[in-house]
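Shown next, in structure tokens, is the structure this report addresses.
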Amino acid sequence: MAYAKRTDQNQKDIVKALRELGATVFDTSAIGKGYPDINIFYKGNTILAEIKKDANARLTIHQIAFWD
């Protein structure tokens, strides 16, 4: 099953806040196939983050496979 590649409405605000804290953030949401929405680089750490609109939003099958 294919899913549309789209970003959640809160992604811009999250990316902006992370950048204001000094993080380097790359939007990777267009990669698809379960790859996380953003890559965050902060104080020598690399963090992959999947952004959801709220706590009730579910991961797709591809996202679950990626994190497994």
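The values are calculated or read from the model by the stated rules, or taken from the named source; none is laboratory data. Computed from a predicted model, the values in this text were never measured in an experiment. Every residue, glycine among them, receives a Cβ derived from its backbone with ideal geometry; neighbour counts consider all protein chains shown. Heavy atoms of the whole protein, side chains included, go into the accessibility calculation; ligands, DNA and RNA do not. Shrake-Rupley method; radii C 1.70, N 1.55, O 1.52, S 1.80 Å.
Points worth noting:
- Residues in the range 19-68 that are of a type in the set (D, E, K, R), assigned to a loop (DSSP other than H, G, I, E, B), more than 12 Å from the chain's Cα centre (by Cα) and surrounded by 11 or more Cβ atoms within 10 Å (Cβ to Cβ): K33 only.
- Any pair with Cβ under 9 angstrom, 6 or more apart, that starts in the range 43-64 at a residue that is touching a residue at least 24 places away in the same chain (Cβ under 8 Å) and ends at one that is hydroxyl-bearing (S, T, Y) and open to solvent by less than 40 Å² (accessible area, probe 1.4 Å): I51/S29
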